[in-house]
Every structure is written in C-alpha cells, then in structure tokens.
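The values are calculated or read from the model by the stated rules, or taken from the named source; none is laboratory data. What you are looking at is a predicted structure, and each value in this text was computed from that prediction instead of being measured. Methodologically, a virtual Cβ is constructed for each residue, glycine included, from the backbone with ideal geometry; neighbour enumeration extends over all protein chains shown.
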Amino acid sequence: MKKRGTVRQAGAILLGLTLVGGQAEAASKTEPPRLVLQITVDQLRGDLIGRYGAGMGKDGFYYLLSHGKVFANAHHRHANTETVVGHTTLATGADPAVHGMISNVWIDRKTGRTVYNLQDADYPLIGVSDKGAKQEIDPTQKAATTKGRSPRNILVSTIGDEIRLHYGPQAKVFSVSVKDRAAIAMGGHSGQAWWFSKSAGRFVTSTYYRKTYPEWVKRWNASGKVAAYAGKCWTLLLDRKYYRFADRDDQKWEMNLPGWGRTFPHCYGSAKGKFYTGLLTMSPAGDALTADFAKALIENEKLGQDDIPDYLSISFSSTDYIGHVFGPSSLEAEDNLKRLDRTLADLLHYVDKKVGLEHTLVVFSADHGATEAVGYMKRLGLDAGEFDFKKVVAKPWLAKLRKRFGLKKGELIQGFIKPYVYLNRAAIAKAGLKLETVQKAVAEALQKQPGVAYAVTSTALDRGEVTDSPVLHAVEANYNPDRSGDIYLVFKPHWFVADFDGLIVTSVHGSPWDYDTFVPLVFMGPGIQAGRVYRRVETVDVAPTIAALLHTKAPSGAEGNPLPEVLGAHR
C-alpha cells in the first residue's frame with residue numbers, strides 16, 4: 001500500500017525537484033507584498049464562473065482570471081469536502097487527518113457529546129449571551145452547545161500564524177466571513193477573526209481574540225447597514241437574456257422556505273422578523289455586508305500601509321447557502337454570482353486605492369464544490385438519490401447484527417454524523433467484543449445499502465489496509481483517529497444526505513467526487529505572470545506557495561508543495 005497522496009503527487013514532486021530550488025532562490029530576491037488578500041468563495045465549484053459569466057464585467061472574477069496565474073484543474077484531495085475542512089486546508093496546507101478539522105461536526109469519544117468544530121466554552125462571544133438567541137437557519141450550528149468560539153481545535157499552524165511568527169507582531173492578520181468556522185479557520189491562532197452572528201444581527205468575535213470591540217466595529221454595527229435591507233427584495237440584477245436559467249425560476253426540487261419562496265423576488269421582510277438575518281445570508285446581501293465590513297477593517301486597521309506584510313482573509317458564504325436552498329443550477333445561484341462579481345470588483349478597486357494591487361498578493365479559491373439536485377440529475381438520465389440513514393438502520397440487518405453480537409438497542413450504533421458512523425465502543429467493549437470484528441460487520445452491511453459506494457472502517461485506515469485508489473486515498477486524508485468515526489461512508493456519485501438536522505435541502509457537498517473537490521485557484525500579484533495551468537494541483541499547495549512568496553516557512557503541518565508556476569514568475 002502506498003502512502004497517502006503519493007500517487008497523485010508524484011508528478012508535482014518531480015516537477016518541483018527540478019524547478020523549485022532555483023525559483024525559490026529567485027523569489028527570495030523579490031520584496032514580499034504589503035498585503036496578502038486571500039479570498040474564498042464558499043461552494044464555488046470550479047466551472048461556475050465560466051458557466052454563469054454572461055453579463056459579468058471585467059473588474060471582478062474576470063480581472064483575476066485575466067491578470068493572475070489560473071490553475072484550471074485544482075482540487076481538494078480530502079474526502080469530506082465541507083466548509084471548515086476546506087477552509088482549514090487552504091489555511092494550513094495540511095490534510096484534515098493532520099489539522100484535525102475532519103468535519104463540521106463530530107462526536108467527542110471521551111464525553112459522547114456532539115462537537116461543533118470550533119466551539120469553545122472558555123471563550124464566549126463579546127457581548128452575546130448563550131441565552132435567548134433567535135433560531136439559526138444554518139442547521140450545522142444547531143450542534144453547538146455554546147456560542148463560545150476559538151481556533152484551539154485546529155492542531156497545526158496556519159499561514160497567518162507563520163506570517164506573524166516570521167515578521168513579528170507588527171504583521172497584522174485578520175479574517176472576515178459570515179460563517180464563524182470560515183473566519184476562525186482562516187484567521188488561525190494568532191490573528192483576529194470576525195464573523196456575522198445571525199442571532200445578534202452584527203459582526204462579532206470572541207474573547208479569545210480580544211476583550212472589547214474596537215470603536216470602528218461599534219460604529220459599523222450601529223450604522224444600520226444590516227437593517228437597511230428591511231422591506232426590500234432580492235431581484236434579478238440583469239435582463240433575463242443574460243441568464244441560462246431565465247425560464248427555470250420555479251424548479252420543483254428547490255426549497256420553499258416560508259416567506260422566501262422559490263421564485264423572484266425574494267423579500268427580506270421586517271428587520272425584526274425571526275429569520276431576517278438568516279435570509280440576508282441566503283442572498284447576495286450576505287456577501288455585500290461581508291465586503292463592506294472588510295473594507296472598514298482595511299481602513300481602520302491600516303492594512304498594507306508599510307513594508308511588513310499583512311494578511312486578510314475574506315470568505316464569501318452566500319453562494320453556499322443559496323446552493324443548499326436552490327441548487328447550483330438555479331436562477332438564484334446564477335444571479336448571486338453575477339452580483340458577487342460586482343461586489344468583488346468593488347473590493348478589488350478599494351484595495352487598489354488603499355494599498356495598491358501592485359503591492360497585494362491575491363489568492364482566490366473555494367472551500368469545496370457542489371453536487372446537483374437529485375431531480376436535476378435524474379432529468380439528465382443519471383443515477384442520483386438521497387440517502388436516509390434513519391430508514392437504513394430501521395431495516396432488519398441492524399437487528400440481526402445486534403442479536404449476533406448480543407447487544408441491545410442503542411448498544412451498537414452511537415450516532416451518524418455524515419460521513420461517519422460512530423459505534424458504541426463502551427457497550428462493545430463491555431460485551432467483550434472485538435471492535436475490529438464489529439466494525440467490519442457493520443461496514444459490510446452498510447456497503448450493501450442503496451447509494452453506498454464504500455464503507456471503510458477506521459481499523460482498515462489505521463493499518464493502511466485500503467485499496468490503492470484516489471477515492472480511498474481521499475478517505476485516508478480525512479482520517480484522524482481521535483475525531484473520525486468508526487466507519488466512513490462514501491456515497492455513490494450524485495447520492496447524498498439531504499437531511500440537515502431535520503431541514504431537507506436541495507443540494508449539498510461533502511464527497512470525494514470531482515464535482516465536490518473541483519475549485520478555482522488563482523494567484524495574482526507582483527511578479528506573477530498571468531496564464532493558465534492545466535495540470536492537476538491540490539489545495540494543500542496553497543499555503544506553502546504563499547509561504548514561499550513571503551519568505552516564511554510553511555505552516556507546521558503542511559503537506560503540499562509550492563507551485564513552481566507561481567514562483568517561476570520571480571526569476
């Protein structure tokens with residue numbers, strides 16, 4: 001059995017051996033940028049910009065694509081392509097097996113409790129109580145038992161940490177997103193992360209980062225910009241002739257949230273409405289507010305104003321929420337990208353004015369791609385389906401296994417948090433059973449269920465006893481023995497779990513198949529020659545490449561390699 005990643009990295013390593021040495025030496029002669037601007041779009045599959053490019057201008061997405069080094073075949077190499085997993089990989093250059101963010105949610109084996117990735121009761125949000133909060137539309141966050149947040153569950157350093165380590169406390173490191181898990185993952189251990197609290201209706205941070213809010217944040221939160229959407233509606237930006245889905249605004253598989261609907265216009269309602277702030281994030285408004293807050297941060301924290309490099313991560317989340325509700329092939333997803341294009345153009349113009357793009361390294365990518373709605377795929381004649389774990393375990397096979405092992409109801413399976421099945425290890429041990437035997441039996445039964453491609457046990461992963469294939473290497477890259485479940489379920493292409501804590505969504509992500517791993521990747525900045533690269537590269541290469549350009553060491557767990565095509569422009 002070859003070590004994880006060896007097969008897919010072989011070409012890159014050979015290329016790196018011949019090129020990186022000389023290029024790194026040349027790069028060291030180049031002054032580092034004043035600002036690293038890392039832009040991540042949540043759920044932006046690698047084909048979507050081109051697919052929905054009609055009517056877009058030249059100053060947003062296409063400015064990056066025409067002025068940067070574009071890697072047209074970039075992929076995440078881990079299996080569980082979820083938000084915190086992808087963001088942390090981009091920030092660390094490490095696989096989730098190493099950085100520890102194996103899923104948005106997992107079960108803590110010591111306590112038996114469900115853990116929301118970056119929750120931390122030791123560091124409550126500044127000025128936000130755990131009590132009396134509005135209901136969050138994001139079902140993932142329902143797993144959190146506290147509003148406290150910190151990066152302490154990330155097991156290695158990030159590129160922001162390395163910048164501060166190398167250049168000292170004068171290097172400023174910040175991150176901004178609607179999502180806490182996106183901001184915290186990119187901000188690292190030594191930066192400051194800011195995110196939008198839907199329950200509080202403002203941008204917040206936790207006491208891990210600081211004790212009080214700076215005055216500029218207080219002013220922004222009091223400016224009325226969040227409430228300004230009240231009574232307004234999300235409407236189409238352009239004439240319908242620019243839209244592929246102009247005549248498909250009402251697809252039966254789209255979610256029909258009360259008060260939001262499946263067709264344009266989508267109206268926000270009253271600012272006092274129960275879901276008002278959640279609806280903002282499910283529209284281009286979420287990204288517009290994120291960009292506006294980021295511009296205020298650049299201005300007030302004076303980023304990029306001296307020769308010591310600063311770092312700012314901005315993660316745009318609306319694409320993800322809209323994709324879950326309407327699917328990536330929808331009029332809403334299409335209009336959102338056209339609006340995000342303008343938001344991005346405005347942001348780049350602002351950075352050019354305040355810092356100068358000639359002094360800025362822009363790194364653009366996504367945390368994961370997206371699958372299509374089941375109904376959409378079936379119309380194309382492809383096999384697709386939704387996997388319902390509750391229905392699967394209600395079948396006779398589970399009762400037969402419990403009888404075989406002498407276990408009562410609840411003593412075999414502790415829980416299912418996709419893609420992981422957690423067994424009740426305490427009950428299994430008490431019954432004198434061998435964990436490996438029980439894992440294998442449950443995995444064999446699950447692999448026979450409709451929609452399951454592979455059921456891989458943790459014992460097999462521990463021992464390296466898995467088939468030498470790209471999909472199973474991706475499962476290996478996701479495996480952390482302290483956090484991963486006993487069995488990893490890989491669903492067949494276009495099959496997925498649509499149930500998010502009782503909320504049935506239109507489309508998801510989280511598989512090792514290309515539609516979920518394929519993401520855009522662009523490096524644009526001083527000395528980087530524009531062009532397109534078609535060889536396959538991996539997102540673990542992003543942080544080491546930034547490190548090489550800034551003359552720092554790579555993050556502590558980094559497993560990728562600097563991209564020679566980016567460094568080569570510095571010769």
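In region 413-426, the residues that are not assigned by TED's automatic domain parsing to the domain that holds T437 form no Cβ pair under 8 Å with any partner that is part of a strand (DSSP E or B) and acidic (D, E), whether six or more places apart or across chains.
Applying the criterion of at least 1 residues that are small (G, A, S) to the strands (runs of 3 or more DSSP E) found wholly in region 474-571 leaves 531-533. Could you tell me whether region 25-40 includes any residue that is under 21 Å from the mean Cα position of the chain (by Cα), modelled with pLDDT of 95 or more and assigned to a loop (DSSP other than H, G, I, E, B)? No, the conditions are met nowhere in region 25-40. Go over the candidates G432, G451 one by one and state the one that is of a type outside the set (K, R) and either closer than 25 Å to D95 by Cβ or buried (at least 18 other Cβ atoms within 10 Å of the Cβ) (or both). Result: G451 is the single residue among G432, G451 that is of a type outside the set (K, R) and either closer than 25 Å to D95 by Cβ or buried (at least 18 other Cβ atoms within 10 Å of the Cβ) (or both). Restricting the search to region 106-131, which residues are within 19 Å of H87 (Cβ to Cβ), part of a loop (DSSP other than H, G, I, E, B) and of a type in the set (A, V, I, L, M, F, W, C)? If the condition is that a residue be within 19 Å of H87 (Cβ to Cβ), part of a loop (DSSP other than H, G, I, E, B) and of a type in the set (A, V, I, L, M, F, W, C), then L118 is the only one that fits.
Filtered by the rule that a residue be buried (at least 22 other Cβ atoms within 10 Å of the Cβ) and aliphatic (A, V, I, L, M), region 176-223 gives V176, V178, A182, A183, I184, A185, M186, A193, V204. Comparison of T319, T277, T360, T343 shows that the only residue that is hydroxyl-bearing (S, T, Y) and under 19 Å from the mean Cα position of the chain (by Cα) is T319.
Could you please let me know if D95 is in contact with a Phe, Trp or Tyr (Cβ under 7 Å, 6 or more places away or on another chain), crowded, with 21+ Cβ neighbours inside 10 Å and within 27 Å of S150 (Cβ to Cβ)? No, not satisfied. Applying the condition of being of a type in the set (G, A, S) and within 19 Å of the chain's Cα centre (by Cα) to region 483-531 and asking which residue is farthest from V466 (Cα to Cα) yields S507.
If you scan region 233-249, which residues turn out to be part of a loop (DSSP other than H, G, I, E, B) and either under 16 Å from E332 (Cβ atoms) or touching a strand residue (DSSP E or B) at 6+ places or on another chain (Cβ under 7 Å) (or both)? The answer is T235, L236, L237, L238, Y243, R244, F245, A246, D247, R248, D249. On the basis of being modelled with pLDDT of 95 or more, assigned to a loop (DSSP other than H, G, I, E, B), assigned by TED's automatic domain parsing to the domain that holds Y242 and crowded, with 19+ Cβ neighbours inside 10 Å, does R262 make the cut? Judged against the criteria, R262 is a match.
Residue-wise test of (1) more than 22 Å from A171 (Cβ to Cβ); (2) touching a His at 6+ places or on another chain (Cβ under 9 Å).
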site	(1), (2)
F496	yes, yes
V519	yes, yes
F523	no, no
I528	no, yes
V540	yes, yes
P555	no, yes
E565	yes, no
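A single entry from H189, H166, H78, H87 fulfils the requirement of being in contact with a strand residue (DSSP E or B) (Cβ under 8 Å, 6 or more places away or on another chain) and outside any strand (DSSP E or B): H87.
Among the residues of region 224-232, is any of a type in the set (S, T, Y), farther than 30 Å from D120 by Cβ, assigned by TED's automatic domain parsing to the domain that holds G50 and surrounded by 15 or more Cβ atoms within 10 Å (Cβ to Cβ)?
Yes.
Residues that are aliphatic (A, V, I, L, M) and surrounded by fewer than 21 Cβ atoms within 10 Å (Cβ to Cβ) within region 356-373 comprise just one, L357.
For (1) among the β-branched types (V, I, T); (2) in contact with a Phe, Trp or Tyr (Cβ under 6 Å, 6 or more places away or on another chain); (3) assigned by TED's automatic domain parsing to the domain that holds N561; (4) farther than 29 Å from F405 by Cα, each residue gets a yes or a no:
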position	(1), (2), (3), (4)
A445	no, yes, no, no
V466	yes, no, no, no
L472	no, no, no, no
A498	no, no, no, yes
D501	no, no, no, yes
S507	no, no, no, yes
F523	no, no, yes, yes
P526	no, no, yes, yes
R532	no, no, yes, yes
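Among residues of region 70-87 that are surrounded by 24 or more Cβ atoms within 10 Å (Cβ to Cβ), those with a Cβ under 8 angstrom from a residue that is assigned to a loop (DSSP other than H, G, I, E, B) and of a type in the set (V, I, T), sequence gap 6+ or separate chain, pair up as N80/I102; V85/I102. Number of residues in region 523-555 that are of a type in the set (G, A, S) and either buried (at least 24 other Cβ atoms within 10 Å of the Cβ) or within 20 Å of Y63 (Cβ to Cβ) (or both): the value is 5. Evaluate the following for A460: is it over 20 Å from L423 (Cβ atoms) and crowded, with 18+ Cβ neighbours inside 10 Å? The answer is no for A460.
Here R77 meets each of (1) modelled with pLDDT under 95; (2) out of contact with any Lys or Arg (no Cβ under 6 Å at 6 or more places or on another chain) with one exception, condition (1). Screening S103, S66 for residues that are part of a helix (DSSP H, G or I), polar (S, T, N, Q) and in contact (Cβ under 8 Å) with a residue 60 or more places away in the chain leaves exactly one candidate, S66.
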